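A.B. asks: Sharing a structure, written as structure tokens. Questions coming.
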Amino acid sequence: MLAEIKGLNEECGVFGVWGHPDSAQLTYYGLHSLQHRGQEGTGIVVSDGNKLRVVKGEGLVSEIFTSNVMEELKGTSAVGHVRYATAGGGGYENVQPLLFHSQTGSLALAHNGNLVNANYLKHQLETQGSIFQTSSDTEVLAHLIRRSGFSQIKDQVKNALSMLKGAYAYLILTENELMVALDPHGLRPLSLGCLGDAYVVASETCAFDVIGAEYIRDIRPGELLIINKDGITSEQFAFNSTKSICTMEYVYFSRPDSNIQGINVHTARKNMGKRLAIEAPIEADVVTGVPDSSISAAIGYAEAAGIPYEMGLVKNKYVGRTFIQPTQSLREQGVKMKLSAVRGVVEGKRVVMVDDSIVRGTTSRRIVSLLKEAGATEVHVVISSPPIKNPCFYGIDTSSKEELIASDKSVEEIRQLIGADSLTFISTEGMLGAIVKTEGTNGFCLGCFNGDYPTEIYPDTLQYYYQK
């Protein structure tokens, strides 16, 4: 059974460097900038051209990679990973990158996404004699590569990738080259940059800014990039697929200073807020956003509505997880420790509270309660995404279907449950128009909103998410 989910949980982040003497240090900074995508585990594999070395652990980047550890990581190429456990669960053995050794060389894998046919492939591989060392779906690719039968690593990887279904942004490091692959639908963001003569790859462009790298372009769906001493070669391992990048990257996951497909995330979120002001005009005194991912939308709403934006909620970033508290009263106290309402801002005021999503409804209910306890006379909730009615199979750890409040409740029923004076979700057309200035659905995955998934979903995966 899935672990208890309090809201949307980040995916994972990958970062890679080729051809730089400080590859491990650059990877450290790149992963630190991607820490919002995963806080459960992190790792770096470095190559000096002769061998691969890995350091990884459960915890934050700054906790695992101390100065002493970094001194020992020497090499001119590296791949790194920050993780939130999705398929396969947690545990040290599942922390990436995964490193494999064979008589023909070593191979390190870093993966962002989720394979919907992982269990099917694992069963097939185990009947052929494979023994898996982890419960992660990432390991499937390593077995497929080594069993492909081709002599060239490039052909081995292309053949293996062609068997995968789902979302994947892969970094594959050997002693001699760095390979970069994106699934045929481009469900996850992945970009290429350069730093002098070195090449860098990252889940988000904010990682380039941190190290002073220059953005070159996004990796194309179904593309395999091969980076080695001879430069970059582009191969296509899949054709004629419909591009379907995850819409929630713009709504929630990515950092506001990142650009995805040439679109700035902060600008897209601000536009969502402006659209909400049109779709949900409210007479109010102040607008506030739930930190941090909803601030941009809140600013947009306030600007378009002509209502002052105020910091009505403050987040304490130095509090541990609240879900481990053993009693409901202690969990409630934990929420108050993480988030506080500013009484001087909201007392006696009609408040518009902007948030990015409602998953189970428990967090929204607590935040509305915080604002009212601080003296807000009215709390109107506006959400910059449509109702999430279906689970995600591609690496976002949303709840099983019965835990998604919008799967079987109307907007009015949700409003009553969270205690808001009004509740409005942005329309799908409004959300997409805020991102790309058009209202077409081409190019985006909307599966969690409308149940229309870009790939086939295997029965065992459906059972996992729809279990009762």
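The values are calculated or read from the model by the stated rules, or taken from the named source; none is laboratory data. Computed from a predicted model, the values in this text were never measured in an experiment. Heads up, the Cβs are rebuilt from the backbone with ideal geometry, glycines too, and the neighbour counts pull from every protein chain shown. These accessible areas exclude ligands, DNA and RNA; they are computed on the full protein's heavy atoms, side chains included. Shrake-Rupley method; radii C 1.70, N 1.55, O 1.52, S 1.80 Å.
A.B. asks: Suppose the chain between Ser410 and Gln152 were pulled fully straight at 0.36 nm per residue; how much longer would it get relative to their current alpha carbon spacing? Numbers along the way, then the final one.
C.D. replies: Details: separation 258, 0.36 × 258 = 92.88 nm, distance 5.51 nm.
Between Ser410 and Gln152, full extension yields an extra 87.4 nm.
A.B. asks: Same structure again: Report the chymotrypsin sites (Phe, Trp or Tyr not before Pro) located in the stretch 183-275 that are in a DSSP loop and have at most 12 other Cβ atoms inside 10 Å of their Cβ, or state none.
C.D. replies: Values: sites: Tyr199, Phe208, Tyr215, Phe237, Phe239, Tyr250, Tyr252, Phe253; in loops: Phe237, Phe239.
Hits after loop and neighbour filter: Phe239.
A.B. asks: Quick one: length gained pulling Asn176 to Asn316 fully straight, 0.36 nm per residue minus the C-alpha distance? All intermediate terms of the calculation are to be shown ahead of the outcome.
C.D. replies: On the way: separation 140, 0.36 × 140 = 50.40 nm, distance 4.46 nm.
So the extension gain works out to 45.9 nm.
A.B. asks: Starting from 0.36 nm per residue, how many nanometres of slack lie between Glu279 and Asn442 once their C-alpha separation is accounted for?
C.D. replies: Values: separation 163, 0.36 × 163 = 58.68 nm, distance 2.24 nm.
Separation in residues times 0.36 nm, less the Cα-Cα distance, equals 56.4 nm.
A.B. asks: Give me the net charge of Phe65's neighbourhood, meaning all other residues with Cβ under 12 Å from the Cβ of Phe65; Lys, Arg count +1, Asp, Glu -1.
C.D. replies: Working: positive: Lys56; negative: Glu63, Glu71, Glu72.
The answer is -2.
A.B. asks: Kindly flag which residue pairs out of Lys165/Lys243; Lys315/Lys372; Lys56/Lys165 have an alpha-carbon separation exceeding 20 Å in this structure.
C.D. replies: Numbers: Lys165/Lys243 14 Å; Lys315/Lys372 17 Å; Lys56/Lys165 27 Å.
Over 20 Å apart, Cα to Cα: Lys56/Lys165.
A.B. asks: Once label points are set 7 Å from the Cα along Cα→Cβ at both His123 and Tyr215, what is their separation, rounded to one decimal in nm?
C.D. replies: 4.3 nm
A.B. asks: So, in nm, how far is label Leu417 from label Glu71 when the simple model puts each one 7 Å beyond its Cα toward the Cβ?
C.D. replies: Here the modelled spin labels are 5.4 nm apart.
A.B. asks: Which of the trypsin sites (Lys or Arg not before Pro) found in the stretch 153-250 are in a DSSP loop and have at most 13 neighbouring Cβ atoms, other than their own, within 10 Å?
C.D. replies: Answer by residue number: Lys229.
A.B. asks: Let me ask another. Near Ala277, within a Cβ-to-Cβ distance under 14 Å, what is the net charge of the other residues, with Lys and Arg +1 and Asp and Glu -1?
C.D. replies: Numbers: positive: Arg269, Lys270, Lys274, Arg275; negative: Glu279, Glu283, Glu303.
For residues surrounding Ala277, the net value is +1.
A.B. asks: Using a cut-off of under 11 Å, list every residue of the stretch 206-247 whose amide N is near the label point 7 Å from the Cα of Ser162 along the Cα-to-beta-carbon line.
C.D. replies: Output list for this probe position: 237-239.
A.B. asks: For the stretch 267-309 and the stretch 106-123, compute the distance between their C-alpha centroids and round to whole Å.
C.D. replies: 40 Å
A.B. asks: Then there is this: Could you tell me the accessible area of Asp356 in Å² (1.4 Å probe, neighbours in place), rounded to the nearest ten?
C.D. replies: Per-residue accessible area (Asp356): approximately 10 Å².
A.B. asks: Let me ask something else. If I take R0 = 22 Å and measure r between the Cβ atoms of Ser427 and Ile263 in this structure, what FRET efficiency does the formula 1/(1 + (r/R0)^6) give, to the nearest 0.05?
C.D. replies: Working: r = 19 Å, r/R0 = 0.86.
According to the calculation, E is roughly 0.70.
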